[in-house]
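See structure below.
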Amino acid sequence: MKIDGGCHCGAIRYEAEVDPESVVICHCTDCQTLSGTAFRTLVGTLQGSFKLLSGQPTLYVKTGESGNQRALAFCPTCGTSLYSGPQGDGPKVVALRVGTIRQRDQLVPQDQFWHRSAQQWLRDLNAIRHHDTQPRFEATGRFGRRD
C-alpha cells in the first residue's frame with residue numbers, strides 16, 4: 001500500500017510503501033515515555049521504499065533493552081515523532097508512527113508487543129466517559145462542560 005504523511009507543522013513530508021497487515025502496537029516503557037502516552041502504533045515500510053519529500057528530521061539514538069540501537073526521527077520544529085530505523089545510509093526498513101500517516105484510518109493494528117508493560121486501564125477504555133470533541137480546558141486545570 002502506498003502511503004504518505006509528515007509532521008504536524010508540515011516541515012517534513014514523506015512517502016513509502018507498507019503492508020497494512022504489519023501494523024502493531026508497542027506497549028514498551030520506552031514507547032510510553034517517548035510518545036507521552038500509553039503505547040505507540042507503528043508500521044514497517046517495505047525495504048527501500050521510504051523517501052523524504054521535504055525537510056530534515058533530527059535524530060536521537062536510543063539503546064533498547066536488547067542492546068540494539070535505533071535512530072528515532074522527529075521534527076525539530078514541532079517535535080512530531082516520525083519514525084525509527086537502523087543507523088547508517090542505504091536502503092532500509094523504517095518503523096513509521098501511524099499517527100503521522102495520512103491514510104492512518106486504513107492501518108488497523110494486527111498485533112501487540114511488550115504487552116507485559118501495557119497499562120491496565122486500557123482493558124476498560126470503552127467504559128471511560130468519552131466526548132466527540134474536547135471539552136473546554138479551564139484555568140483551574142480541569143475540563144469544563146461543553147457548550
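The values are calculated or read from the model by the stated rules, or taken from the named source; none is laboratory data. Computed from a prediction, not measured in an experiment: that's the story for all the values here. Please note: Cβ atoms are built from the backbone with ideal geometry, for glycine as well, and neighbour counts cover all protein chains shown.
Counting the residues of the stretch 63-113 that are in a strand (DSSP E or B), out of contact with any Leu (no Cβ under 7 Å at 6 or more places or on another chain) and not hydrophobic (A, V, I, L, M, F, W, C) gives 6.
Test Thr29 against the criterion of being at pLDDT 95 or above, among the hydroxyl-bearing types (Ser, Thr, Tyr) and touching a helix residue (DSSP H, G or I) at 6+ places or on another chain (Cβ under 7 Å), and give yes or no. Answer is no for this residue. Only a single criterion out of (1) at pLDDT 95 or above; (2) in contact with a His (Cβ under 9 Å, 6 or more places away or on another chain); (3) not in a loop (DSSP other than H, G, I, E, B) is not satisfied by Arg116, namely (1).
Listed conditions (1) of a type in the set (D, E, K, R); (2) closer than 18 Å to Arg13 by Cα; (3) surrounded by 15 or more Cβ atoms within 10 Å (Cβ to Cβ) are all met by Arg70, apart from (2).
Consider Ala38 carefully, then state whether it is surrounded by 15 or more Cβ atoms within 10 Å (Cβ to Cβ) and over 13 Å from the mean Cα position of the chain (by Cα). I'd like the intermediate steps shown before the answer.
On the way: surrounded by 15 or more Cβ atoms within 10 Å (Cβ to Cβ): yes; over 13 Å from the mean Cα position of the chain (by Cα): no.
Here the answer is no, as Ala38 does not meet what is asked.
Kindly provide the set of residues from the stretch 27-44 that are assigned to a helix (DSSP H, G or I) and of a type outside the set (S, T, N, Q), ordered by number. Across the stretch 27-44, the qualifying residues are Asp30, Cys31, Leu34.
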